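Since the structure comes first, as structure tokens, the remarks are kept for the end.
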Amino acid sequence: MSVSESAAVSVSSTIGGKAHPTAATFDVVNPATGEVFATAPDASAADVDAAVRAAAQAYPSWRSDAKTRREVLNAAADALLAALDEIVPILTAEQGKPLAESAREVQTAAMFFRYYADMELPREVLRDDESAFVQLVRRPLGPVAVIAPWNFPLTLAGAKIAPALSAGNTVVLKPSPFTPLSSLKVGEVLREVLPAGVLNVISGGNEAGAAMTTHPLIRKISFTGSIATGKAIAAAAAADLKRTTLELGGNDPVIVLEGADPVRVAEGVFPRAFSNSGQVCVAPKRVYAHESLRPALVEALAELARDAKVGDGSLAGTELGPVNNRPQLERVAELVDDAVRHGATVAAGGGVIDGKGYFYQPTILTDLGDGVRIVDEEQFGPALPVIGYRDLDDAVARANATHFGLGSSVWGEDLERAAAVAERLEAGTTWVNTHTARSLDEPFAGVKWSGIGVESGRWGLKGFTEFHLIHQAR
């Protein structure tokens, strides 16, 4: 199936293990062309209610059969991989990323299902003496709402759905309205594997999202997206004391130490900062480079930016696809233009690419500092500011002077010194001489406004459970 053929794709919501029609639909735009190529079901509050009630109905039997859960989650991983050629072109058409990256998304989602299929949370014996036998048991919460973003709709949905199901919860998934089709397709594929009602997939806008987050049968909301939306979800959840996991993005600082090799740093930072055209929550977003090497680092980064092949993700050789949607393209352009007005130098790129689609030149900025919006805010696009510093303590203070706290990194030849600086940064994860490197076994979390709760590893599984202490007197 080619991307052009996906223009005729027709996908449906999945509720209670069956296709569920909706009265309304909405348009889906291919960011490489800027044109509508498909429509998606627009769930109403009544449709959301049907999905949540299907999840609630499936919950008692699903939570009580761990053996079936293990078998079904492994079968789900197999089904996703078997449907790779169907899902990949749809994801590229709606999100914009190259086909190879879309394939990795499907594969990673399958990995999450496989990883959590056999993970157990054993009972913990807290006391066993002549007076009492005390056990700590972890049990599921109930129906869970999963709201996934448009930058990695399948990877991030899989990171939430797999542990939620493994723990014995049932799920209602709503993808971003910018990228609904691939998730709906996944729902169609998995409805052939999962018991009815265990995973329900709907799409829609604000009405559907509000109905999910306020529904009385939803016991947890797992969301990845903007801080503003995360705060709104937290406020909605508070009324019913729903549990939440909120991954809310970051403005990751990179500190390059004196004596570092600027070419090696550029070769390490650039692919991580511009992966998915910069639309990665934990990507490098601002670089603090010692003045002794800043000019060389800027030029090395600029050379990589100028050489990067930008284009339609469905075409061979494309390295960077378009920005996913017009509002985000306009935001990136606005932040770069604002930086230039405040005296920044454009070392590479600096503008929208003429023609169809939402393409922006890979951009490197320098001669700017804190107080400029592209440094202080999360740009979430293919533009990277490089800020000079002379005093390391000042650079650390500036890196930490933000509401964000998702990731960060330190780069230098002296590993012991770099590790010592890393411990001073306020972030959920700090890397040394790399950035964004992750494994399924590692926890992923933000501090400050970058999030609440933990994903991945055994911590991600525990996040979809609650304590049940059983105290037996003797």
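The values are calculated or read from the model by the stated rules, or taken from the named source; none is laboratory data. Nothing here was measured: the structure is a model prediction, and the numbers come from that model. Note that we place each Cβ from the backbone using ideal geometry, even for glycine, and neighbour counts take in every protein chain shown. Ligands, DNA and RNA are stripped out before the accessible areas are found, and what is left, the full protein with its side chains, is counted by its heavy atoms. Shrake-Rupley method; radii C 1.70, N 1.55, O 1.52, S 1.80 Å.
Structure notes:
- Of the residues making up the range 121-155, not one is touching a Pro at 6+ places or on another chain (Cβ under 6 Å) and open to solvent by 10 Å² or more (accessible area, probe 1.4 Å).
- Close contacts from the range 438-467, counting a first residue that is part of a strand (DSSP E or B) and a second that is surrounded by fewer than 22 Cβ atoms within 10 Å (Cβ to Cβ) and among the basic types (Lys, Arg), with Cβ to Cβ under 8 Å and a gap of 6+ residues or different chains, come to Phe444/Arg438; Thr465/Arg138; Thr465/Arg139; Glu466/Arg138; Glu466/Arg139; Glu466/Arg243; Phe467/Arg138.
- Number of the exception - Pro21 against (1) touching a residue at least 24 places away in the same chain (Cβ under 8 Å); (2) open to solvent by 10 Å² or more (accessible area, probe 1.4 Å): (1)
- Tally, over the range 34-53, of residues that are open to solvent by 40 Å² or more (accessible area, probe 1.4 Å) and either in contact with a Leu (Cβ under 8 Å, 6 or more places away or on another chain) or not polar (S, T, N, Q) (or both): 7
- Single residue of Ala348, Ala339, Ala383 found to be touching a residue at least 24 places away in the same chain (Cβ under 8 Å), open to solvent by less than 10 Å² (accessible area, probe 1.4 Å), more than 16 Å from Gly278 (Cα to Cα) and touching a helix residue (DSSP H, G or I) at 6+ places or on another chain (Cβ under 6 Å): Ala339
- Condition met for Arg424 (among the basic types (Lys, Arg), closer than 26 Å to Leu320 by Cβ and either open to solvent by less than 40 Å² (accessible area, probe 1.4 Å) or not in a strand (DSSP E or B) (or both)): no
- Filter pass, Ser292 being of a type in the set (S, T, N, Q), over 24 Å from the mean Cα position of the chain (by Cα) and part of a loop (DSSP other than H, G, I, E, B): yes
- Single residue of the range 208-240 satisfying the filter (in a helix (DSSP H, G or I) and touching a helix residue (DSSP H, G or I) at 6+ places or on another chain (Cβ under 6 Å)) that is most open to solvent (accessible area, probe 1.4 Å): Thr214
- Test result for Phe444, at pLDDT below 95 and either closer than 27 Å to Leu241 by Cα or not β-branched (Val, Ile, Thr) (or both): no
- Members of the range 243-252 found to be assigned to a strand (DSSP E or B) and either aromatic (Phe, Trp, Tyr) or out of contact with any Pro (no Cβ under 8 Å at 6 or more places or on another chain) (or both), listed by number: Arg243, Thr244, Thr245, Leu246, Glu247
- Candidates Arg438, Arg458 - the one that is in contact with a strand residue (DSSP E or B) (Cβ under 7 Å, 6 or more places away or on another chain) and open to solvent by 50 Å² or more (accessible area, probe 1.4 Å): Arg438
- The range 153-174 residues that are part of a loop (DSSP other than H, G, I, E, B), paired with ones that are surrounded by fewer than 24 Cβ atoms within 10 Å (Cβ to Cβ) (beta carbon under 6 Å, 6 or more apart): Ala167/Pro140; Ala167/Leu461; Ala167/Thr465; Gly168/Arg63; Gly168/Pro140; Asn169/Pro140; Asn169/Leu141
- Members of the range 288-322 found to be under 21 Å from Asn251 (Cα atoms) and small (Gly, Ala, Ser), listed by number: Ala289, Ala302, Ala305
- Residue within the range 89-110 that is in contact with a Lys or Arg (Cβ under 6 Å, 6 or more places away or on another chain) and either of a type in the set (A, V, I, L, M) or open to solvent by less than 10 Å² (accessible area, probe 1.4 Å) (or both) present: yes
- Conditions (1) closer than 26 Å to Leu248 by Cα; (2) open to solvent by 50 Å² or more (accessible area, probe 1.4 Å); (3) in contact (Cβ under 8 Å) with a residue 40 or more places away in the chain; number of the one not met by Asn325: (2)
- Beta carbons closer than 6 Å, at least 6 apart along the sequence or on distinct chains, pair a first residue in the range 68-87 that is small (Gly, Ala, Ser) with a second that is open to solvent by 20 Å² or more (accessible area, probe 1.4 Å) for Ala75/Val193; Ala76/Val193; Ala77/Arg114; Ala79/Val189; Ala79/Val193; Ala83/Val189.
- Selection within the range 186-195 - open to solvent by 10 Å² or more (accessible area, probe 1.4 Å) and more than 19 Å from the chain's Cα centre (by Cα): Glu188, Val189, Arg191, Glu192, Val193, Leu194, Pro195
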